[in-house]
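Since every read-out is calculated from the coordinates, none of them should be taken as a lab result. Every value quoted in this text rests on a predicted model; they were computed, and no experiment measured them. Quick reminder, even Gly has a Cβ in these numbers, built from the backbone with ideal geometry, and neighbours come from all protein chains shown.
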Amino acid sequence: MLNLFEQYKQTYKSFLSLANLCDKNYSDSKAELRNSLKRTEDFLTALGSPHKKLKIIHIAGTSGKGSVAYAMHQMLSADKKKVGTYLSPHTTTFLERFQFGNNLLPAKDLIDNIEKLTKVYEKFLQGNNTPLSFFELSTCLALFAFQNAGAKWCVLEAGCGGRWDATNVIPTPEVAIITNIDKDHTELLGDTLAKIAYEKAGIIKKDGIVFCGETRPKIRKVFMDEAIKNNSALFFINPPIENLINVEHGEHQQHNISLAIAVAKEIQISDSAIESVLKNLKRLPCRFETMQKSPIIILDGAHSPAKIATTVKRLKTLNKPVHLIFGCAANKDASTMLDLLIPHVTKITTTRFEMDQRKASNPAQLLKLIPKAKQSGAFLDHADALAHAKKTIKNDEAIIITGSLFLSGEMRTQWIDEEKIIKSNLSYPQH
């Protein structure tokens, strides 16, 4: 008989095979994005429309949406609300996309829901319906699983953009949140900030309530126009003047948490629940996460120039020379990210992640973007890259791994393996 972890691995493999029935170009084609909502809506209807039975907080933005989503989750949970939160991508294991209560959704529950969803999906496809992409199917699974688990609330993080994102299948949410705008996924969302803002603004719905952290007037106007068109109440939240949470979370998180607080007050979460979360705010894995102290090794999932700019600010606070391990997805702006990082590190080792759902940049090509004086080697296996960095650093150097949440998540298993996460339903099981 299979143990829980073996059952989970087998069930996830079968879920991946369901997602692989679709044309893999769905998620990479701008034209196909427009069909995403119909595919997702059709299947959710077959599942009993769970998206219409939950109170939803919908979050889009270039940076910080995962952190804001997780902060909202903690505040709702602290206020005794039964809440599920859907995040993407996951770091180490698929289960981490499904936050529930104070932990992850129990692995047994996820297995059961995948099995139930599979039966409905098989009938759905027999009716000549179009297959769903991995993200579309995962979104449906989240809404289905949270409703089956008895959740009343759902915090839903958009995957890419907003207007045509699979998560935008929902009716007008309780609140929509847009964190900020910067250049990312330009091949899908457009090559200007105004075009990207327009796509993110697509989560603003008729008669809705929207909170936004964007500060630039020209970009704010995009959201104002969309809000006026939809008769929605729109509130802009500026960065706070004073620290709202411990400075160890990073300067950028002060603005993220101010957004979460404003929304929490709007939906009448108690002051005591908000205060308890501010005192003990948990963060998601691979957000400048220290894995060991001798030598210092930090995992950071920053994967765009805007996110890397924040990473650079945090590098400066270390007051140590840094050996960088860098890898990123092939569709990312590696050159700009490295240009931001190079002045602040002593040596750079390049590598790649192994997951096959996203193409990784070639480490040898990445190395060519780095001045020869700072090149330290290119490795196809990220375990070899880490071993190399450990051998070559000086006693006072820190190792920082960044460029991709996929890379950081895979490398995290060298300290916290997937089986521990599955068995404990925690992203931070006891070491």
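Per 0.36 nm of contour for each residue apart, how much would the distance between T215 and S335 grow if the chain were fully extended, relative to their Cα-Cα spacing? Please list the in-between numbers first.
Numbers: separation 120, 0.36 × 120 = 43.20 nm, distance 2.67 nm.
Result for the pair: 40.5 nm of gain on full extension.
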Calculate, in nm to one decimal, what K391 and K53 gain on full extension: separation in residues at 0.36 nm each, minus their alpha carbon distance.
116.2 nm
I want to make sure I understand the PRE zone here: with the label point 7 angstrom from the Cα of S272 toward its beta carbon, which residues in the range 77-96 have backbone N atoms less than 19 Å away?
77-82
Centroid-to-centroid separation of the range 373-431 and the range 65-143 [C-alpha atoms, Å]
26
Within the range 4-284: Cβ-based charge dipole about Cα centre, in debye rounded to nearest 20 (Lys, Arg +1; Asp, Glu -1):
500
Backbone N under 15 Å from the I342 label point (7 Å along Cα→Cβ), restricted to the range 377-405
377
Most positive-pole-ward Cα, V155, T167, V210, against dipole of the range 115-220 from beta carbon charges
V210
Sparse-neighbourhood loop sites, trypsin sites (Lys or Arg not before Pro) in the range 253-349 - DSSP loop, at most 14 other Cβ within 10 angstrom
K282
Among (1) 23.6; (2) 20.4; (3) 21.7, which one is mean projected area of the Cα convex hull in nm² computed from these coordinates?
(2)
Rounded, prolate or oblate: which one fits the range 289-414, using the alpha carbon gyration tensor with axes a ≥ b ≥ c (rounded when a/c is under 1.5, else prolate when a/b beats b/c, else oblate)?
rounded
Backbone HN-Hα couplings from phi across the range 224-240 [Karplus 6.51/-1.76/1.60, Hz, Gly and Pro as x]:
4, 4, 5, 5, 4, 4, 9, 6, 9, 7, 10, 10, 9, 10, 7, x, x
Subtract the Cα-Cα distance of Q365 and A233 from 0.36 nm times their separation in residues, and report this length gain in nm to one decimal.
42.8 nm
Using amide H atoms built 1.01 Å from N in the peptide plane, name the residues 5+ places from I296, or on other chains, whose amide H lies under 5 Å from its own.
I399
With +1 on each Lys and Arg Cβ and -1 on each Asp and Glu Cβ, how big is the dipole of the range 32-80 about its Cα centre, in debye rounded to the nearest 20?
100
